[in-house]
Amino acid sequence: MGLRDVASTLVQVPALLALKKELKPRPYADKDCFARQVEANAVRFGERAAIVFEGRSITWAQFNALANRYANHLASQGVARGDVVSLVMENRIEFLAVTVALNKLGATAGFINTNLRGRPLIHCITVTESKKCVFGEELAPALAEVKSELPLAEGRDYLFVPDGGDVPAPNWAADLDAGSAAASADNPPTTVENSLGDTAMYLFTSGTTGLPKAAVLSNRRYLASAAMSHRAGLKCTEKDRLYICLPLYHGTGLLVGVGAAFASGASLFIRRKFSASNFLSEVREHQTTCLVYIGELCRYLMNTPAAADDHRNPLRHMIGNGLRPDVWLPFKQRYGIKRIAEFYGASEGNVAFANLLNKDRTVGMTTAEIALVEYDVDADEMVKDQEGRCIRVEPGEPGLLLGQINEEAAFEGYTNPQATEKKILRNAFEDGDAWFNTGDMLREVDAGFTLGYPHYQFVDRVGDTFRWKSENVSTNEVGEIINGFDGIQFCNVYGVEVPGADGRAGMAALILKPGVEALDADAFSRHVMGELPGYARPVFLRVQSDIDVTGTFKMLKGNLKKEGYDLNQVAEPLYVMKPGSTVYERLDQAFADRIKAGEAGY
């Protein structure tokens, strides 16, 4: 432990003390919400830029006025406290203005993945009992396909937001911009009545069968996430500008990114989608000082041609999750980053970690009561003692992360009570206790001088989910879809490592039905392409003659994961879906070698 390490850690103390005071759990009955922060910014920083987007710049005063017009018009259309309004729109200024407008009214926003179509889209709108649906011009075709199956009235409950073009609202929707043009730009009286316990939004977990779960997020949790990001993560002020290219229907962009701007008065540069080729030029042009990232974004940037002056840019701090330890230091050095505030958490979870002391290659620390417990990865089950209790791992050993559920760390769960209960582990260490099962393996790491706070590192997902393309993939749900193909009797789905790629690629071991001599790869490909979103489609297939199960008929995955798609270990037929392809083909040694070298394009 060197003096430099101690000094760099002690520098963080003032911000941590300020954050600790701000994060002290406040009663749910207290009046507050993020829309009040926007109103405060309009007063304090009214003439400063709030958002820069596709050549447009809008000040805090203008942004608040736009949100007010939306809010007052929506109120005239019957949207009231406690109502749910679905929002289907790409990243743009109007997305955030509608979000703030709904919060001003005490309504709940249901943020829907813009990639969803058909049954998944119907499910997300109906499961939250949405009263209305606000959608962007760019997503009108997706809504047109499903509106006949939704319990919403055409011409009244669909609200269209133009996307800078001359396309009029369809005849089954009202134009929100036109309708709100004459509405009052004053703050509605409802904002000050919002409480911390009000449900601010529903964030959907990644769904693989099109049936994502709606995670409940209160005003208290939103403000806590924003405070962490603003005060001790990015340490941003009104003089900073955040670069956000992550989808705003996900928590990282919306809570950690936008939330930090709302809390601090910093401005936002937002773009619809990430572009590695435009990234550095935009950072320089718009003088963005902070980056909100996911690990995959950083890997893509590292794969672009390096230039000697890449580090000459205004970026100083970044916050996000999923940055691989092997990418961490090279990325930091190449782009001249001074601070990486990696965090760990889930939209629905009750425990979060954050690297607030600026240590390398760690998700940081937590103030929550946690436990890392023994987990048998091969058997896919927790290890229990003779009394049926969980067993804590030794420091440094990987263990399944549990977060204790208590008054200070409530588990707000999902809209579905059964889904909520499935994530709770009861009587883990003593009768009557309750813990949130994260489904993730973490381990304690040596991070030098840490003020007595243990630091941790993410290890892997366990059980029936894995992460691929920054989304959680449910092996059970993918398996159900695959089993729906006529030629398949059983399948076993699991994640496998791909060199140079983040997360794990999906792989499915298939058992064909009796009498089916070979997999019909073309037909199976059409089935998978039509039923599963891109991130959930297995990259690899393995056709087996039999499947290994436990004594209770639970499918074993341990050996399958270890053997993966290694042609030297697997004699059975192996198939691969190459990047950009829509069909499975036999895996040959030449392409396997490219995968192993990290040159396959995944």
Whole-angstrom Cα spans of the stretch 31-344 along principal axes, big to small: 57, 44, 39
For Ser195 and Arg389, extending 7 Å from Cα along the Cα-Cβ vector and measuring point to point gives, in nm, a value of 3.7
I need the phi-derived Karplus couplings for the stretch 367-374: 6.51 cos²θ - 1.76 cosθ + 1.60, θ = phi - 60°, integer Hz, Gly and Pro marked x. 9, 6, 7, 10, 8, 9, 10, 5
Option label - Cα extents along the principal axes in Å computed here, alternatives (1) 95, 85, 53; (2) 69, 67, 59; (3) 118, 66, 57: (2)
Between Phe204 and residues 5 or more places away or on another chain, the pairs with built amide H atoms under 5 Å apart involve Phe111, Ala215
Cα lying deepest toward the dipole's positive end in the stretch 31-344, options Cys124, Cys33, Leu87, charges on Cβ: Cys33
Cα-derived Rg over Rh, computed across the stretch 466-596 with Rh taken as Kirkwood radius: 0.92
Run the simple label-point estimate for Asn416 and Gln77 please: 7 Å along Cα→C-beta, distance reported in nm. 2.9
Taking only complete DSSP H runs, can you tell me which helices of the chain stretch 18 Å or more along their own long axis by Cα positions and average at least 0.0 on the Kyte-Doolittle scale? 93-105
Mind listing which trypsin sites (Lys or Arg not before Pro) in the stretch 98-176 are in a DSSP loop and have 13 or fewer other Cβ atoms within 10 Å? Arg156
Loop sites in the stretch 502-548: trypsin sites (Lys or Arg not before Pro), DSSP, at most 11 other Cβ within 10 Å: none
Anything over 18 Å Cα to Cα? Flag those among Lys469/Lys557; Lys469/Lys578; Lys20/Lys235; Lys31/Lys104; Lys104/Lys235; Lys21/Lys235, in the order listed. Lys469/Lys557; Lys104/Lys235
What helix-only [θ] at 222 nm does the chain give? Using -39500 (n - 2.57) per DSSP H run of at least 4, over all residues, to the nearest 500, the answer is -8000 deg cm²/dmol
Ranked by how many other beta carbons lie within 10 Å on average, peptides 467-476, 188-197, 228-237 from highest: 228-237, 467-476, 188-197
Quick one: check the C-alpha center-to-center distance for the stretch 301-347 versus the stretch 433-477, whole angstrom. 21
To the nearest Å, what is the center-to-center distance of the stretch 357-380 and the stretch 127-158, using C-alpha atoms only? 41
How compact is the stretch 353-463 by the rule of thumb for globular proteins, expressed as Cα Rg over 2.2 N^0.38 Å? 1.10
Tell me which trypsin sites (Lys or Arg not before Pro) from the stretch 289-388 have a DSSP coil assignment and no more than 15 other beta carbons within 10 Å of their own. Arg312, Lys338
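Rule-based calculations on the coordinates, nothing more; no lab input. Note that the structure is a prediction, hence the values are computed from the model and not measured. Positions of Cβ are generated from backbone atoms using ideal geometry, with glycine treated the same way; all protein chains shown enter the neighbour counts.
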